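All remarks here apply to the structure that follows.
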Amino acid sequence: MIDVLKHPAFARLFSAQVVALLGTGLLTVALALLAFDLAGDEAGAVLGTAFTIKMIAYIGLAPIANAAVERVSRKAVLIGADLVRVAVALLMPFIDAVWQIYVLIFILQAASAVFTPAFQAVIPDVLSDEKDYTKALSLSRLAYDLENLISPALAGLLLALVSYHWLFGGTAIGFAASAILVSLSAIPARRPERKIRSFKERVTRGTRIYLATPRLRGLLALNLAAASVGAFVIVNTVVIVMGNDDLTQTHVAFALAAFGAGSMVAALALPRLLEAISDRTLMIAAAFLLGALALPSSLFLPPTGTLGALLLAWGLFGLFYSAVLTPAGRLLRHSARAEDRPALFTAQFALSHCCWLLTYPIAGWAGEVIGLSPTLAVLGLLALVASAVALMVWSPESTAELVHDHDDLPSDHPHLRQFASSGKRHSHVFVIDDEHRAWPTQG
């Protein structure tokens with residue numbers, strides 16, 4: 001897997017991702033401490049509102065931002081977004097009111113809504129080989145998991161030496177380093193559009209392609225399955241552990257580390273596994289296992305169950321969670337022309353966060369109202385339903401070539417001449433674009 005780092009451009013971009021993730025991890029810790037300083041016992045409500053603002057920024061602004069910067073150099077877009085994040089991080093230590101947290105978080109996440117899908121769309125252009133791209137996706141997953149382990153430890157080390165305000169400085173350094181590494185990377189230019197599109201069409205194009213492609217509708221259902229169990233782990237691990245008199249804050253770290261370790265095992269295994277198993281088989285099977293595991297696990301949460309049972313369940317959750325989500329980039333890469341990939345990655349970014357916006361409140365509010373065990377069972381059932389939907393809407397049709405008609409095109413249309421077809425019926429690798437607005441199996 002590491003040999004993919006022999007590609008100089010990807011090595012620099014991956015390094016940019018890693019340092020930016022470390023900066024984000026420091027920001028998370030510093031923000032929690034800042035919220036407690038300003039709001040005391042109401043810090044949880046402040047952070048809950050901040051995370052809601054984050055989701056709203058991701059969902060609402062990502063497609064608009066992508067459309068707005070569509071004709072700007074991709075390198076300039078990435079560097080500009082990083083510089084905005086540097087500026088916000090540098091302003092954070094001077095906050096003295098809760099509303100200022102909300103404003104700066106919105107600006108920060110708006111910049112991330114520009115950066116993240118643009119960054120994700122660059123990688124398949126940098127790595128044209130399918131095996132290399134699969135390895136890159138697994139490395140990216142590993143980076144996220146390692147950040148969850150390293151950032152809290154790094155923050156703890158720094159807090160032993162300096163005030164938490166200095167953590168924002170570490171965040172700024174991370175984003176600045178990311179900008180420098182991006183500037184040193186050879187990023188392919190955008191593919192020129194075949195036609196001039198209105199701003200409205202640019203905003204909606206990625207979502208239209210996404211929802212018109214059966215395997216991507218299946219991916220959306222799988223996003224919901226992963227978010228169902230993932231939200232429970234993120235929201236309620238601390239509640240489960242700290243609600244047990246025999247467990248401590250250290251055990252919270254152990255549980256989250258178990259989830260991250262399971263995810264890393266999947267990321268390491270996926271490049272070889274995907275050579276033998278199709279994306280569809282692997283992802284749907286993992287989603288069903290994720291939901292099925294949640295049901296019995298709900299019966300063995302502490303204090304009813306043991307810490308060992310919790311760690312085992314969390315490790316398996318991480319394994320199946322990563323197996324569902326890591327191959328998503330491969331589906332997106334295969335589902336659009338190169339010039340449409342930024343819009344499609346943006347649609348995935350926004351729509352997947354819609355799933356989290358649904359499951360986060362269920363994990364939190366239902367946990368308080370009906371209890372943690374019933375909540376995990378409910379979210380497990382939601383994951384199973386979402387997996388069944390994915391199985392139905394993502395048919396196992398060939399992704400290589402599909403036979404289809406073009407009754408809507410004149411006989412001398414360039415697309416028909418390109419494939420030298422007799423009449424208007426032919427076959428080729430099928431994606432939704434200007435000449436193909438509906439999937440053939442949909443009539």
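The values are calculated or read from the model by the stated rules, or taken from the named source; none is laboratory data. None of these values were measured; they are calculated from a predicted model. All Cβ positions, glycine included, derive from the backbone under ideal geometry; neighbour counts span all protein chains shown.
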Filter result for P271 (assigned by TED's automatic domain parsing to the domain that holds L325 and within 13 Å of S322 (Cα to Cα)): yes
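Of all residues in the stretch 99-137, how many are over 13 Å from the mean Cα position of the chain (by Cα) and either among the charged types (D, E, K, R) or within 16 Å of L268 (Cβ to Cβ) (or both)?
Within the stretch 99-137, the subset over 13 Å from the mean Cα position of the chain (by Cα) is 99-111, 114, 122-136.
If we keep only those that are either among the charged types (D, E, K, R) or within 16 Å of L268 (Cβ to Cβ) (or both) too, we end up with 125, 129-132, 134-136.
Here the count works out to 8.
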Among the candidates F349, F317, residue that is farther than 19 Å from G218 by Cα and either among the aromatic types (F, W, Y) or not in a helix (DSSP H, G or I) (or both): F317
Any chance A76 is exposed (fewer than 15 other Cβ atoms within 10 Å of the Cβ), under 28 Å from I187 (Cα atoms), modelled with pLDDT of 85 or more and of a type in the set (G, A, S): yes
Residues satisfying the stated conditions in the stretch 159-175, i.e. crowded, with 19+ Cβ neighbours inside 10 Å and part of a helix (DSSP H, G or I): L167, F168, G170, T171, A172, G174, F175
Search result, residues across the stretch 74-96 that are of a type in the set (D, E) and without any contact (Cβ under 8 Å) to a residue 60 or more places away in the chain: D96
Flag for L137 being in a helix (DSSP H, G or I), outside the structural domain of S335 (by TED's automatic domain parsing) and at pLDDT 80 or above: yes
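Looking only at the stretch 10-32, decide whether some residue is farther than 30 Å from E130 by Cβ, part of a helix (DSSP H, G or I) and β-branched (V, I, T). Working first, answer last.
Here is the first cut: in the stretch 10-32, the ones farther than 30 Å from E130 by Cβ are 23, 25-32.
Applying the additional criterion that residues be part of a helix (DSSP H, G or I) yields 23, 25-32.
Okay, now just the ones that are also β-branched (V, I, T), so 28-29.
Checking the stretch 10-32: at least one residue is farther than 30 Å from E130 by Cβ, part of a helix (DSSP H, G or I) and β-branched (V, I, T).
Quick one: would you say V46 is touching a residue at least 24 places away in the same chain (Cβ under 8 Å) and either acidic (D, E) or farther than 23 Å from D125 by Cβ (or both)?
On the way: touching a residue at least 24 places away in the same chain (Cβ under 8 Å): yes; either acidic (D, E) or farther than 23 Å from D125 by Cβ (or both): yes.
For V46, the condition - touching a residue at least 24 places away in the same chain (Cβ under 8 Å) and either acidic (D, E) or farther than 23 Å from D125 by Cβ (or both) - is met.
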